[in-house]
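Q: Right, I'll just put the structure down here and ask away after.
The values are calculated or read from the model by the stated rules, or taken from the named source; none is laboratory data. If you're wondering where the values come from, they're calculated on a predicted model, not measured in any experiment. Don't worry about glycine lacking a Cβ; one is built from the backbone with ideal geometry, like all the others, and counts go over all protein chains shown. When the accessible area is computed, the model is the full protein with side chains, heavy atoms only, and any ligands, DNA or RNA have been set aside. Shrake-Rupley method; radii C 1.70, N 1.55, O 1.52, S 1.80 Å.
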Amino acid sequence: MTRTAVLADPVAQVTAPTSDPAPEQAADSSRTVIRAFVYVLDPTPEQASVLRSHCGAQRFAYNWALSQVKANLDQRAAERSYEIPDAELTPSLSWSAYRLRKHWNTVKNDVAVNTDTGQVWWPENSKEAYSSGLANCAAALSNWSDARSGKRKGAMGFPRFKSKRAVLSCRFTTGSFGLVTDGGDRRHVQLPRIGTIRTCESTRKLARKAIAGSGRIRSATLSYRRGRWQVSFSVEITLPARALPPAAAGPGSVVGVDVGVKHLAVLSTGEMIENPKHARKHAKRLRRLGRRASRQVGPDRCTGQEPSRRWLRTQEQIRAVHTRIADARRDHLHKLTTRLVRDFDTVVVEDLNISGMTRSGGVYKRGLNRALHDAALGEIRRQLTYKTEWAGTGLHVANRWYPSSKTCSNCQVVKAKLPLKVRVFTCDACGFRADRDHNAALNLAALAAGEGGASSASCGRDVKDARQKPTIRPAARRADGIAAGTPPSGERDRGNPDTHAVCTTE
C-alpha cells in the first residue's frame, strides 16, 4: 500500500449526473474527496506510555517554538519603546514551519535534555511528533497574523501555551504508517517508532479501499479523547458517479428541513423527527455523580493536595456518561443527514446563528439554551455540507433573515408577528392552517424549487419591517399584582414571579 502524502483539492467541482449518463460522462463524474477513518486503539500499557510520550513531545515542540517567537516579538517591542530605528532592531524570527523546524534541528540537543540526568531524550520519539508541534505553532501564528491584518475574518488572540491538561494529539505525515493487511489482518495499525497497535474494531472498510487502490492514506492523527486512544486516518478517496435516487423520491426531489427543539427536524414531506434529548436522559445521573464528587477529596492547586482515588473514579464515571451522550447524539445525527442526502437531490436548510441564539438570556432562558446545545442544530448543517458534496447532490442555505415561519406557504403573505408559543400557523389572508414548523419547511422547499423566492407584504407593512423584532414595552402592573412584559432589572433574579407577587402583597 502506498503511503505517500499527496495533497488533493478539497473543493472539487461536483456536477450531478443526468438520468442516463454515457459511460464517458459517468467516468468524468467521479470525484476526489478527503475522508477521515477513526479507529479506537487497544494498546498495551507499554504502548500507551509510548503514545503519551509522543503527544508530550508534540506539546513540548509547540511550546518551545511559541516561546522563541514570543521572546523575539517582546524584544523588538521593548527596543521600539526606546525609539530605536527599525533598521537596528533585533532581526525578526520567521515562524514558518520550515524555519522553525530548521531552528529546532540546530538546538534540539541543548533543549530536549533531562535536567536531572543531563540525557538527551528527543531520539526516544519519532521526528514527526516534533514536526507536528512546530507545524501547529506556525499555523496558529499565521492565523493570528492574518486576523490582525484583516486577511482572516473574526478576532483572534495571540496563541497560548499548551498545558498538560490539553488534548493529547500527534500527527504523522511521513514514515511507516497505515493499516496492517498482511495475511488478511483487519485489527492492527502501524505507526512510526511505535509499531503495530491493535484496534478495538475491524479496519476492513479502509483496507478494502486501500487494496483496491481507490483510497490513499495521507496522514494519521493520534489523539486521546474521552478516555480512549484513537487514530484518525485522512484518506483521499475517488468516489464514483452518484446513483439515481430511489423511485419513491423521484429525480429532482427537493426537501425543506426546519430544525428545532420540540422536533429535531420537520421535513416538507410532513415527516416529523422527534428530538431524542440525549443529555436530558442522563441529566439525573450526572447530577448524582456531581454531588458525589463534591463530597470527595479533589485536587487543590493552592495547597498541592492530591485527589483521592474515589474522586478519580467518580470523574471517570462522569467522563463515561458524557462519552455516551456524545456518541448517541453523533450517531443519531449521522443517520438523519445520511438519509436526507440519500433520498433527495436537493436539501434546503436555514442559516441559523446558533451561537447568538444561546449567548444571552440569563436564568429565564437557561433551559432553552441547554436544549439548543443538546439538539446540536449546527452539526446538522455541517454534516449536510460535506455529505452533499460527497454524494453530488445540492444543498441550498436560506438567508438568515428569511421569515420562513411567518410566511404563508399557500399565498406567500408574511405575518407581522408570530410568537414562539404559537405552534399552529394560521394565515389571516387565505385562512391556511398548518403546523408552524411544517409551514416553515414548505417555504424552505419552495425556495429551491423557485416557487417562493420572494414574500409579499402583509397588513400594510413591508417585509423588512415584518422581520424586525417587536419593541420591548416597559413592564406594566396587572390587576392581580403580577408584572407583565420585561421585569425591571432589580427583579430579574428574584425567582418565580408568582411567588414574588404573593410575598410583596403579604
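Q: Would you tell me the accessible area of Glu274, worked out with a 1.4 angstrom probe on the heavy atoms of the protein chains, in Å² to the nearest 10?
A: 110
Q: With the cut-off at 1.5 for a/c, could you classify the range 111-219 from its C-alpha gyration tensor as rounded, prolate or oblate?
A: Working: a/c = 2.84, a/b = 1.40, b/c = 2.02.
Oblate.
Q: Ok, one more. Give me the extension gain from Ile84 to Glu271: residue separation times 0.36 nm, minus the current Cα-Cα distance, reported in nm with one decimal.
A: Numbers: separation 187, 0.36 × 187 = 67.32 nm, distance 7.03 nm.
Result for the pair: 60.3 nm of gain on full extension.
Q: What FRET efficiency, computed as 1/(1 + (r/R0)^6) with R0 = 41 Å and r the Cβ-Cβ distance, is obtained for Glu379 and Asn72, rounded to the nearest 0.05? Walk me through the intermediate numbers first.
A: Values: r = 40 Å, r/R0 = 0.98.
Rounded to the nearest 0.05, the efficiency is 0.55.
Q: In nm, to one decimal, how far is the Thr106 label point from the Leu312 one, both placed 7 Å along Cα→Cβ?
A: 4.3
Q: Which percent, nearest 5, of DSSP beta bridges in the range 227-371 are antiparallel?
A: Numbers: 7 of 10 bridges.
The antiparallel fraction comes to roughly 70 percent.
Q: Mind checking the full-extension length gain between Val113 and Ala283? Use 0.36 nm per residue of separation minus the Cα-Cα distance, one decimal, nm. Mind dumping the intermediate values first?
A: Working: separation 170, 0.36 × 170 = 61.20 nm, distance 4.71 nm.
Stretched out fully, the Val113 to Ala283 stretch lengthens by 56.5 nm.
Q: For the full complex of protein chains and a 1.4 angstrom probe, list Phe37, Phe425, Phe60 by accessible area with the highest value first. Don't skip to the answer; put the middle values down first.
A: Values: Phe37 30, Phe425 0, Phe60 65 Å².
Listed by decreasing accessible area, they come as Phe60, Phe37, Phe425.
Q: Using a 7 Å offset from the Cα along the Cα-to-Cβ direction at both Thr238 and Ser49, what is the distance between the two label points in nm, to one decimal?
A: Result: 4.6 nm between the two label points.
Q: PRE reach from Arg295 (point 7 Å along Cα→Cβ): which of the range 305-349 fall under 18 Å by backbone N?
A: Those under the cut-off are 308-318.
Q: Under a cut-off of 25 Å between alpha-carbon atoms, report the lysines in cross-link reach of Lys335, not counting same-chain residues fewer than 8 places apart.
A: Lys205, Lys209, Lys262, Lys277, Lys281, Lys387
Q: Taking a probe of 1.4 angstrom, what is the accessible area of Cys430 in Å², to the nearest 10?
A: Counting only protein heavy atoms, Cys430 exposes about 60 Å² to solvent.
Q: Ok, one more. Work out, step by step, the length gained on full extension between Ala155 and Val38: first 0.36 nm times the residue separation, then minus their alpha carbon distance; give nm to one decimal. Numbers along the way, then the final one.
A: On the way: separation 117, 0.36 × 117 = 42.12 nm, distance 3.16 nm.
Gain on stretching Ala155 to Val38: 39.0 nm.
Q: Using a Förster distance of 35 angstrom, determine the FRET efficiency expected from the C-beta separation of Ala326 and Val120, and round it to 0.05. Let's see the in-between values first.
A: Values: r = 40 Å, r/R0 = 1.15.
Efficiency, from the Cβ-Cβ distance: 0.30.
Q: Now for a different question. Just flag the GluC sites (Glu not before Pro) in the range 74-142 sitting in loop per DSSP whose Cβ has no more than 16 other Cβ atoms within 10 Å.
A: Taking the range 74-142 and a limit of 16 other Cβ atoms within 10 Å, the loop GluC sites (Glu not before Pro) found are Glu83.
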